[in-house]
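Readers should treat all values here as calculations from the given coordinates under stated rules, not as data from a laboratory. Keep in mind that this is a model prediction, so the values were computed, not measured. Methodologically, a virtual Cβ is constructed for each residue, glycine included, from the backbone with ideal geometry; neighbour enumeration extends over all protein chains shown.
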Amino acid sequence: MSEVREAVRSRYANAAKQIAVINAPGSFPAAGCCQADGPDCGCSGSYASDELKAIGLSESVSLGCGNPTALAKLEPGQIVLDLGSGAGLDVLLSARRVSPGGHAYGVDMTDEMLELANRNKESSSVTNATFLKGTIENVPLPDASVDVVISNCVINLAEDKGAVIKEAFRVLRPGGRFAVADMVELEPLDPTVKQALDAWAGCISGTIPIDEYRAALVGAGFENAEFEIHATENAPGIDGKVGSAYIRARKP
Ligand SMILES: C[S@@+](CC[C@H](N)C(=O)[O-])C[C@H]1O[C@@H](n2cnc3c(N)ncnc32)[C@H](O)[C@@H]1O
């Protein structure tokens, strides 16, 4: 495993444990972006309270930077795949929307996150969801088997974003949609920030500019790529240089 991937895995193994603690009965959870108790960068308040109530979860289990389930109209019978599903919030919400007849899959490489997601699935009433162990560069699903690929603050963590986007294209059916929340680089970051492993695992250093992201989508074969920035991160040393974006594209 590369040094970057191990830094990412280890951060989210710890985050899974923290989420379990801060969501214990009687606690006061905080929504964070890429960390269990970190600053909110776009996710807070974007989930409907009735939908959260229906699966018995609060948005504080999210380490995301938005709500990708709001980006694509999910319909009964569809197959949804969440790249880097974490504690499982977006998978469980999607599973309810594609029921009856549909199914939601989440792929994640971190055992602790998969355990947490399966516990969250058990405590919800959702049965049409499956969490798979794997990487987003090598998704354990067949070609053309998915209607909608979602993801929430994960693709920036991959060392080879092009490989992830090609993999999303491979698993989508013709006409399938890519509907993702992710962090992007809005202005060049300081080289010392770019090289810091913890800033990579914290969804800062691995970000790429929108033009580069768009080129990867077009290069993989996607059409109608759209980007909408909905929040900027203002942590010290970053000052609006990265932001969370909603990204949509379609497989012809
Ligand atoms: C920032 S968290 C986001 C989790 C979830 N999407 C959410 O919104 O709460 C990143 C997640 O992606 C997973 N992850 C990161 N890189 C991955 C990769 N290359 N393959 C599979 N999973 C990955 C981590 O284990 C972690 O659960």
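For the reader, a short list of remarks on this structure follows.
- For the residue pairs Lys194/Lys241; Lys133/Lys251; Lys53/Lys133, the C-alpha atoms sit more than 22 angstrom apart in Lys133/Lys251; Lys53/Lys133.
- Base-10 log of normalised Debye intensity for region 67-125 (one unit scatterer per alpha-carbon) at q = 0.14, 0.21, 0.30 Å⁻¹: -0.34, -0.75, -1.24
- Per-residue ellipticity at 222 nm from helix content only, as computed over the chain with -39500 (n - 2.57) for each DSSP H run of at least four residues, stands at -9500 deg cm²/dmol.
- Order by protection proxy (mean Cβ within 10 Å, highest first), peptides 135-143, 56-64, 8-16: 56-64, 8-16, 135-143
- Overall, the chain carries a charge dipole of about 720 debye about its Cα centre when +1 sits on the Cβ of Lys and Arg and -1 on the Cβ of Asp and Glu, all other atoms neutral.
- Taking 7 Å steps out from each Cα toward its Cβ at Glu122 and Phe227 produces label points 4.2 nm apart.
- A crude spin-label estimate for the pair Ala215 and Val4, with each label 7 Å from Cα along the Cβ direction, gives 1.6 nm.
- Hydrodynamic radius by Kirkwood, which averages 1/r over all alpha carbon pairs of the chain, in angstrom: 17.8
- DSSP bridge analysis restricted to the chain gives an antiparallel fraction near 45%, rounded to the nearest 5.
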